[in-house]
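*Asks:* To start, I am sharing the structure in question, which I have written as structure tokens.
Please treat every number below as a calculation from the coordinates, not as lab data. Note that the coordinates shown come from a computational prediction; the quantities given were computed from them, not determined experimentally. Heads up, the Cβs are rebuilt from the backbone with ideal geometry, glycines too, and the neighbour counts pull from every protein chain shown.
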Amino acid sequence: MIISEITLKNFKSYGNNEQTLTLNTKNGELILLAGSNGNGKSSLIESFEYVLYNCVKSGKTKKWANLSSLPNRINGELLTKIKFTSGETEVLVERGYNPAVLKLIENGVPNERAGKSNLNDTIEKYIGFDVETFKSFISMSVNHFKNFISLSNEEKQILLDKLFNLEVINLLNSILKDLNKSNKNLILKHETEITTLEQSINSIKQSIQKSLEKEQEDIQGEIQSLKNLMESQKGKYTELKEKVEKIKSKDLELKEQIDKEREGYSTIQNELKNIQKSIDLYNCGQCPTCQTPFDGEHFVNLLETLIERKKTSETIKIEIETNINSLREKQKKLQTISDDTTKAFNDITWLLKSYKQQIDKLQLKSSNEKSSNSIEEFQKTIEDLILKQSKSQETSDLFKEKEIYYKELSKIFSDEGVKKSIISGIIKPINVFISENIKHMGLPFQVELDETFTANIKQFGVNVEHDSLSTGETRKLNISILIAYLKLIRTKRNINILFLDEIFSSIDLEGIEAILFLLKQFAESYNINIFVVHHAVMNREYFDRIIQIDKNVFSEIREITHE
């Protein structure tokens, strides 16, 4: 990303007039950004962060600022613009607050395809790095670049990872560790599952055996119980059977008596008919054939005899009818008794047959060890568990194969793997840059970083303890190392600006001149516009440009020309 200009209006202390800062895109320049404290130097630097990333981190609090705090307090609004090239694309970004503004123009064509979130992503792709990297290595305070020679190995590692994009390897290694951990947990899970399944299968087999034994005991007990029930019903069965036979015999006897009475009843009815004919004949008074009169004593006696016989026959008829009715009543009562007895006999017969059928089924079940439905369910469960165990074993084997791969990859992504190889390639040029910088600074030391980036300091061939260095010596060495890193970073990241704040604290005049010499050389060699932020105007001969920030109600950017 090569920035050509930035324009700001109503950003923090800057007023309603648009102010533009133009940068040299062809040659690097060392630029002094001067102004009293509070005039707006930091606000100008923060405007780069805002227009590019829509966020600002305060240099003092190191916290992300609320965007509502960025507009000028008097005018209550802000607008920023920045022009830069990324590859072959000319990019213009406009960003504002109250009202909200976000425009992305590519080679003169407004990008209207994406939403606000997508536009920010597209802008960041053009920039080439995120805001944290920008804040750490492009807009930075030397005070925030801690005393490098006294950093712990862990702190150095974190810093170097950020500087040289080794965080990607760390991320891959972290992902790999998580994958390996997850893989181990899965192996443990499946091995535990396999063991549990094996225990379950053995437990179920034992349960089957116990169940079969218990089932046999239960069957034999049930058979015996049914036999006892049958035995208890035999007496009742015999009694009912005898009673049924007696009822049949009595019913037959009654039928014979009724038939006999019916026969007598038929005979007496015929006799009564004949007697009535004779009476009717005598009542005519004479014989219908010979006309003999029936008024003689003989005929009268005969008539009386017939009448007497009729009365006797009628009496006998009534007796027979009474006998028949009595027999029928007995027969009816006997039928009721017969029905009840027959039903009771049929019920007990069915019950005994049912007992017998149940005994037969139980004996059949007893002879077949696999007849039980519960055993079949157990067997099916065992088959399912064995299948599941086999699948778990296959899966566990796959995870164990992965574990081997992960171990090999862990070696590659560890500090002793590809990272060590990369660091080895980084250390050599850094040590060369450090040596050159120390020489230009006029320091009587030899400094070399080892593979852990520990600074080994020597003077006249003798090791120097870090704590024995003065504050000025320590700061100069840190700046030498910092510039060495920045040189190497600029070989990897193509951006034409660098902001350095508070760089001259605790540095003597001779040291300041040496630092400015290094920075100017750095700017020219790598085509970078280096902004050195200071509260006062310094010796102009060291700088290609001097930007003065004045403030009279509002901040104003003013370039001081060389006289």
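*Asks:* Which percent of Cα pairs goes in each bin when the distances of segment 186-370 are cut into 5 angstrom slices starting at zero?
*Replies:* 1, 6, 8, 8, 6, 6, 6, 6, 5, 5, 5, 4, 4, 4, 3, 3, 3, 3, 2, 2, 2, 1, 1, 1, 1, 1, 1, 0, 0
*Asks:* For segment 411-520, treating each Cα as an identical point scatterer without solvent, what Debye log10 I(q)/I(0) comes out at q = 0.10, 0.21 1/Å?
*Replies:* One equal scatterer on each Cα of segment 411-520 leads to -0.33, -1.20.
*Asks:* Here's another thing I want to ask about it. Each label point is 7 Å from the Cα along the Cα-to-Cβ direction; what then is the distance between the points at residue 116 and residue 262, in nm?
*Replies:* 11.5
*Asks:* Placing +1 at every Lys and Arg Cβ and -1 at every Asp and Glu Cβ, with all other atoms neutral, what dipole size does segment 186-370 have around its Cα centre, in debye to the nearest 20?
*Replies:* 360
*Asks:* Amide H to amide H under 5 Å from residue 28: which residues, 5+ apart in sequence or cross-chain, H placed 1.01 Å off N in plane?
*Replies:* 527, 528
*Asks:* Let me ask you something else. Determine the sum of side-chain charges near residue 21: Lys and Arg each +1, Asp and Glu each -1, restricted to other residues whose C-beta is under 9 angstrom from that of residue 21.
*Replies:* Every neighbour counted, the sum reads -2.
*Asks:* Then there's this: Could you tally the net charge around residue 320, taking each other residue with its Cβ under 13 Å from the Cβ of residue 320, Lys/Arg +1 and Asp/Glu -1?
*Replies:* Around residue 320, the charge tally is -3.
*Asks:* I've got another one for you. In vacuum, with every alpha carbon of the chain counted as one equal point scatterer, what does the Debye formula give for log10 I(q)/I(0) at q = 0.08, 0.10, 0.12 Å⁻¹? Two decimals, please.
*Replies:* Debye output, listed in q order: -0.79, -0.99, -1.20.
*Asks:* Continuing with the same structure: What is the percent of Cα-Cα separations in segment 293-431 that go past 19 Å?
*Replies:* Percent of Cα pairs beyond 19 Å in segment 293-431: 83.
*Asks:* Right, another one. Considering the options 228, 240, 195, tell which one lies farthest towards the positive end of the dipole of segment 187-250, charges being +1 on Lys and Arg and -1 on Asp and Glu at the Cβ, about the Cα centre.
*Replies:* 240
*Asks:* Check residue 139: other-chain or 5+ apart residues with amide H under 5 Å from its amide H, H built from backbone geometry?
*Replies:* HN-HN under 5 Å from residue 139: 499.
*Asks:* Among 429, 462, 528, which residue has its Cα positioned farthest towards the positive end of the charge dipole of the chain, with +1 placed on the Cβ of Lys and Arg, -1 on the Cβ of Asp and Glu, and the dipole taken about the Cα centre?
*Replies:* Highest projection toward the positive end goes to 528.
*Asks:* Can you put 432, 464, 418, 91 in order, fewest other beta carbons within 10 Å first?
*Replies:* Ordered from fewest to most neighbouring Cβ atoms within 10 Å, 432, 464, 418, 91 come out as 432, 418, 464, 91.
*Asks:* I would also like to ask the following. Can you say what percent of the DSSP beta bridges in the chain, counting only those with both residues inside, are antiparallel? Round to 5.
*Replies:* 70
*Asks:* Ignoring everything except DSSP H segments at least 4 long, calculate the 222 nm mean residue ellipticity for the chain; use -39,500 (n - 2.57) per segment, divide by total residues, nearest 500.
*Replies:* Estimated from H runs of four or more residues: -22000 deg cm²/dmol.
*Asks:* Would you please give the residues with an amide H less than 5 Å from that of residue 15, counting only those at least 5 places away or on a separate chain, with H modeled from the backbone geometry?
*Replies:* Result for residue 15 returns 10, 555.
*Asks:* Just want the answer: with Cβ charges of +1 for Lys and Arg and -1 for Asp and Glu, which residue in 108, 331, 257 is farthest toward the dipole's positive end in the chain?
*Replies:* Positive-most Cα among the choices belongs to 108.
*Asks:* Further question on the same structure: Could you tell me the calculated FRET efficiency between residue 339 and residue 380, based on Cβ-Cβ distance and R0 = 35 angstrom, to the nearest 0.05?
*Replies:* Given R0 = 35 Å and the Cβ-Cβ separation, E is 0.10.
*Asks:* Expected output is a single nm value to one decimal: the length gained when fully extending between residue 100 and residue 213, i.e. 0.36 nm times separation in residues minus the C-alpha distance. What is it?
*Replies:* That works out to 32.3 nm of additional length.
*Asks:* Using the count of nearby Cβ atoms within 10 Å as a rough guide to exposure, how do 129, 445 rank from fewest to most?
*Replies:* 129, 445
*Asks:* Related question: Provide 336, 305 in ascending order of the number of other Cβ atoms located within 10 Å of each residue's Cβ, fewest first.
*Replies:* Placing the least packed residue first, the sequence is 336, 305.
*Asks:* Treating each Cα of segment 394-475 as an identical point scatterer and ignoring solvent, apply the Debye formula and state log10 I(q)/I(0) at q = 0.17, 0.19, 0.24 Å⁻¹.
*Replies:* So the normalised log intensities are -0.78, -0.88, -1.12.
*Asks:* So if each residue of separation counts as 0.36 nm, and I subtract the Cα-Cα distance between residue 428 and residue 234, what length gain in nm does that give?
*Replies:* Extra length available between residue 428 and residue 234 comes to 58.6 nm.
*Asks:* Moving on to the next point. Quick one: what are the phi-derived ³J(HN,Hα) couplings along segment 339-356, Karplus 6.51/-1.76/1.60 with θ = phi - 60°, whole Hz, x for glycine and proline?
*Replies:* For segment 339-356, the Karplus curve yields 4, 4, 5, 4, 4, 4, 5, 4, 4, 5, 5, 5, 4, 5, 5, 4, 4, 5 Hz.
*Asks:* I've got another one for you. Using θ = phi - 60° and the Karplus curve 6.51 cos²θ - 1.76 cosθ + 1.60, what whole-Hz ³J(HN,Hα) does each residue of segment 222-229 get, with Gly and Pro shown as x?
*Replies:* 5, 4, 4, 4, 5, 4, 4, 5
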